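Reviewing the structure listed below.
The values are calculated or read from the model by the stated rules, or taken from the named source; none is laboratory data. The structure presented is a predicted model; accordingly, all values stated were derived computationally and were not measured. For neighbour counting, all protein chains shown are included, and Cβ atoms are generated from backbone atoms with ideal geometry for every residue, glycine included. Remember, those area values only see protein heavy atoms, side chains included, never the ligands or the DNA or RNA. Shrake-Rupley method; radii C 1.70, N 1.55, O 1.52, S 1.80 Å.
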Amino acid sequence: MTRKPSSETIAVASDHAGFPLKDRLASELGAAGLKVLDLGTNNADSVDYPKYGEAMARALLEGRAERGVLICGTGIGVSIAANRHRGIRAAVCHNEETARLARAHNDANVLVMGGRIIDEDTASACLRAFLDTEFEGGRHQRRVEMLD
Ligand code: RB5
């Protein structure tokens with residue numbers, strides 16, 4: 001990933017099942033000049049995914065990061081946890097196109113992936129698409145507002 005240095009902070013969080021992928025993506029974000037806020041977990045010991053979805057939501061809602069990357073085994077548990085918070089739009093993505101559309105149409109502020117589902121190169125491609133795609137607004141703006 002090559003990009004201009006940015007003042008944007010990207011929060012990353014995962015449970016144990018997502019830890020290896022989180023580690024790789026955090027390194028890629030750092031290497032690309034982005035600030036990374038790592039909310040854990042930081043090893044393969046079993047932990048409870050709701051805590052990490054919650055930590056991600058709080059980091060964004062408190063303004064400690066602008067966007068986030070959230071990973072568990074499937075992506076499902078952490079997305080359910082994060083999406084309980086108004087203002088969080090956490091999208092489980094499986095390929096570059098879903099990551100692009102999550103930004104373009106849904107203004108997703110959290111990219112969610114399944115560490116046991118997606119291969120690491122596809123996950124990196126999702127991350128690039130998520131970071132590089134602007135929200136299209138227009139007809140999508142009203143629909144996103146309806147979510148809250
Ligand atoms: C952990 O084994 C697994 O259940 C969790 O990572 C996640 O996939 C839950 O949705």
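This table checks each residue for (1) among the aromatic types (Phe, Trp, Tyr); (2) surrounded by fewer than 18 Cβ atoms within 10 Å (Cβ to Cβ); (3) more than 17 Å from Gly68 (Cα to Cα).
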| residue | (1), (2), (3) |
| --- | --- |
| Arg86 | no, yes, no |
| Val92 | no, no, no |
| Glu97 | no, yes, yes |
| Ala102 | no, no, no |
| Ala108 | no, no, no |
| Leu127 | no, no, no |
| Glu134 | no, yes, no |
| Glu145 | no, yes, yes |
I want to confirm something. Restricting to region 41-55 and keeping residues that are within 14 Å of the ligand (Cβ to nearest atom) and of a type in the set (A, V, I, L, M, F, W, C), which single residue is most open to solvent (accessible area, probe 1.4 Å)?
Ala44
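Condition first: among the polar types (S, T, N, Q) and outside any helix (DSSP H, G or I). Now tell me which residues in region 101-135 satisfy that. Step through it out loud before you land on a result.
Let us first name the residues in region 101-135 that are among the polar types (S, T, N, Q), namely 106, 109, 122, 124, 133.
Across region 101-135, the qualifying residues are Asn106, Asn109, Thr133.
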Can you tell me which condition Gly63 does not meet? The list is (1) outside any loop (DSSP other than H, G, I, E, B); (2) surrounded by fewer than 24 Cβ atoms within 10 Å (Cβ to Cβ); (3) more than 15 Å from the ligand (Cβ to nearest atom), and all the others hold.
(1)
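How about region 7-25: which of its residues are assigned to a helix (DSSP H, G or I) and open to solvent by 20 Å² or more (accessible area, probe 1.4 Å)?
Of the residues in region 7-25, the ones assigned to a helix (DSSP H, G or I) are 16-25.
Within region 7-25, His16, Phe19, Pro20, Asp23, Arg24 qualify.
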